[in-house]
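The values are calculated or read from the model by the stated rules, or taken from the named source; none is laboratory data. All figures in this text were calculated on a predicted structure; none of them were measured in a lab. Here Cβ is always computed from backbone atoms with ideal geometry, including for glycine, and neighbour counts include all displayed protein chains. Surface areas here come from the heavy atoms of the whole protein model, side chains and all, with no ligands, DNA or RNA. Shrake-Rupley method; radii C 1.70, N 1.55, O 1.52, S 1.80 Å.
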Amino acid sequence: MSTDRVRLDDSWKQRLLGDLKSDAMQRLRDFLRAEKAAGKAIYPPGKNIFAAFDATPFEQVRAVILGQDPYHGPGQAHGLCFSVPEGVDIPPSLANIFAEIERDLRVPRPAHGCLSAWAERGVLLLNSVLTVERGRAGSHQGKGWEALTDRVISLLCAERDGLVFFLWGAYAQAKGKLVDPRRHLVLRAPHPSPLSAHRGFIGCGHFSRCNDYLQRRGTAPINWSLVD
């Protein structure tokens, strides 16, 4: 994938340069071009595909929330997992995340679903698959993104200590094999989707557990509030 047009922080670009230039990424790029040439709408817009890496430099990552693939409705996906731009309706899974933060930390729910502030505070909002076709959830799984995001997790686990990994749902938890729990905190729960949130996501206490862990290690807790 052409590195001169990829919008991501230099700290990530330096580490992922070989991956971005690989044959696998070239095949993925060819696939995306063919899909667009066939008239298919691909989300998020090209400039936002790597937004998570642009918003949260490698050295500033304190926590990782792992999603599956981007929202597949118009105007929703902007490159940060679970997040939507301001002015877009809050999706049900994100509403449940806000409900758990409110229950766990007594932090009031925001009126919008844009999580950019979390990214700026060190929360890497990473989808396992970085693109999707409009209206077709999971349509770009198995096209090459998973190897790149596995590499991202492996780099974080190898070069950093004391990170917090939020793994919600079976898909995210499968990535947990890449994380050494002796060096990092791994938090597992059902997905916040309305189909599964009642099975243990609501009540998981992940946000307070994250902050307690960071503070025990002498690191500032994460401010989860999105309310001014």
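Observations on the model:
- Beta bridge orientation in the chain: antiparallel %, DSSP, nearest 5: 20
- Most to least accessible of VAL107, VAL61 (protein chains only, probe 1.4 Å): VAL107, VAL61
- Charges were assigned to the Cβ only: +1 to each Lys and Arg, -1 to each Asp and Glu. The resulting dipole of segment 76-115 about its Cα centre is roughly 80 debye.
- If you sort ARG106, ARG136, ARG183, ARG62 by accessible surface, 1.4 Å probe, largest first, the order is ARG106, ARG136, ARG183, ARG62.
- Each residue was assigned an accessible area with a 1.4 Å probe, and for HIS191 the value is about 50 Å².
- Annotation: lysines with alpha-carbon distance below 28 angstrom to LYS47 (same-chain offsets under eight excluded): LYS13, LYS21, LYS36, LYS143, LYS175.
- Separation between Cα centres of segment 198-228 and segment 53-69, rounded to whole Å: 16
- Protection proxy ranking for 206-219, 14-27, 68-81, 155-168, using the average of other Cβ atoms within 10 Å per residue and placing the highest first: 68-81, 155-168, 206-219, 14-27.
- Equivalent ellipsoid of the chain: semi-axes from √(5λ) of the C-alpha gyration tensor, largest first, are 27, 21, 16 Å.
- Percentage of interatomic Cα-Cα distances in segment 1-83 larger than 18 Å: 49
- Shape class for segment 87-167, computed from the alpha carbon gyration tensor (a ≥ b ≥ c): oblate, with a/c not under 1.5 and a/b at or below b/c.
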